[in-house]
Amino acid sequence: MINFRFHLISLVAVFLALGVGVAMGASFIDRATVDSLRGRVDALEQSYRRRGAELDAARSRLASSDNQAAALSGAGSRALVNRLSDVPVVLVVTDSVDEDVLDTTRTSLAVSGAVPAGTMTLKSSLLESRKADLAAIRQRFGVKGDAPAVSARLASDLGVSLSLLAASPPQATSSSTTTIAAAPSGDVVTTPTDAAGARAYIAALRDFGLVDIADGASLPGTRFPDGTGYRYVLALDIDDDPKPVIEPLVAAVGTDAPTTMTVAESRSLTAAGDVPTTTQDQPARGSTLSAFRRGNLASQVSTVDDLEDSFGRIALVYALAEQRDLGRVGHYGVGRQVTAPFPTIPTR
């Protein structure tokens, strides 16, 4: 006869054995999994340390390369010295261009011997005139149309003004005017036809806050816009829209005073050793210059698409020298439709 108590104890023993076995097996598997994961983490950590050391070495080499390139376009550069001796250069800039880029550009131009004639800033108000000012601007400059049409007309006439003061100025240009006196407030300022009219037009734009003019540390008689014989560097930011103002301005200069302007595109300046960052929605390099790298303007103005880079500033100086010495233009940088990274080294 089977004892029920014995049978119950047997069943309990079986289930207890199963539980102990499951517990021991689970414990063994957990340790094996943990050991495996820990090994992988250790391997990844070692890999990250190696990659970090490689990245630090790459950054060090990049910083050294950047510093060497900066020396080529900076103070004491033998690559730039005397390339533009006594050439009065005016910076025409949008108010969105990185100030550090402008400072390094001024340094490169100064090393080349160029005379810093001044800086003209195209204010955002030139692009988007307030409704309260639009009627007064129409009356002052004798123009009609909506705000975009007015901006385009003002930009075009500003380009005509720059042309009249540019290198190898037209015969109608008079150099007798030495002050930037504006036309009387009641007079209409129309498209200029001589140097005096060009200065009056620029002064009227300044009075309306559409442009700003900062004097350079220039020689007597070269301060913009008092003199003549200027060459222009027009600097714009990669995010600027060139169509409303820049394109009509450059078209006027290119048509009336070809080979006197270089248009340069820039991004923000990066520290030595840093890799420039870009975003998917950022325009491709050279996109703001596309209108000047095709058609008639391609043979009238030079372009540089990497002004924030040391080699871009070297290209800028050489492009100006190429225009002056050979009457030739080119399109330089690393973006779309370039002629070469930078011009052939000009002879002196």
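The values are calculated or read from the model by the stated rules, or taken from the named source; none is laboratory data. Keep in mind it's a predicted model, so treat the numbers as computed, not measured. Cβ atoms come from the backbone with ideal geometry, glycine included; neighbour counts cover every protein chain shown.
Per-residue answers, yes or no, for (1) modelled with pLDDT under 90; (2) aromatic (Phe, Trp, Tyr); (3) more than 17 Å from the chain's Cα centre (by Cα); (4) surrounded by fewer than 22 Cβ atoms within 10 Å (Cβ to Cβ):
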position: Val263; (1), (2), (3), (4): no, no, no, no
position: Ser268; (1), (2), (3), (4): yes, no, no, yes
position: Thr288; (1), (2), (3), (4): no, no, no, no
position: Asn296; (1), (2), (3), (4): no, no, yes, yes
position: Ala315; (1), (2), (3), (4): no, no, no, no
position: Arg336; (1), (2), (3), (4): yes, no, no, yes
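When Thr259, Thr303 are screened for being modelled with pLDDT of 95 or more and at positive phi, only Thr259 passes.
For region 77-160, the helices (runs of 4 or more DSSP H) that sit wholly inside it and include 2 or more residues that are under 21 Å from Val188 (Cβ atoms) and of a type in the set (Lys, Arg) are 131-141.
Scanning region 301-313 for residues that are touching a residue at least 60 places away in the same chain (Cβ under 8 Å), surrounded by 22 or more Cβ atoms within 10 Å (Cβ to Cβ) and either assigned to a helix (DSSP H, G or I) or outside the structural domain of Asp100 (by TED's automatic domain parsing) (or both) yields Ser310, Arg313. From the list Ser151, Ser124, Ser112, which one is crowded, with 19+ Cβ neighbours inside 10 Å, more than 15 Å from Ala204 (Cα to Cα) and hydroxyl-bearing (Ser, Thr, Tyr)? After applying the criteria, what remains is Ser112.
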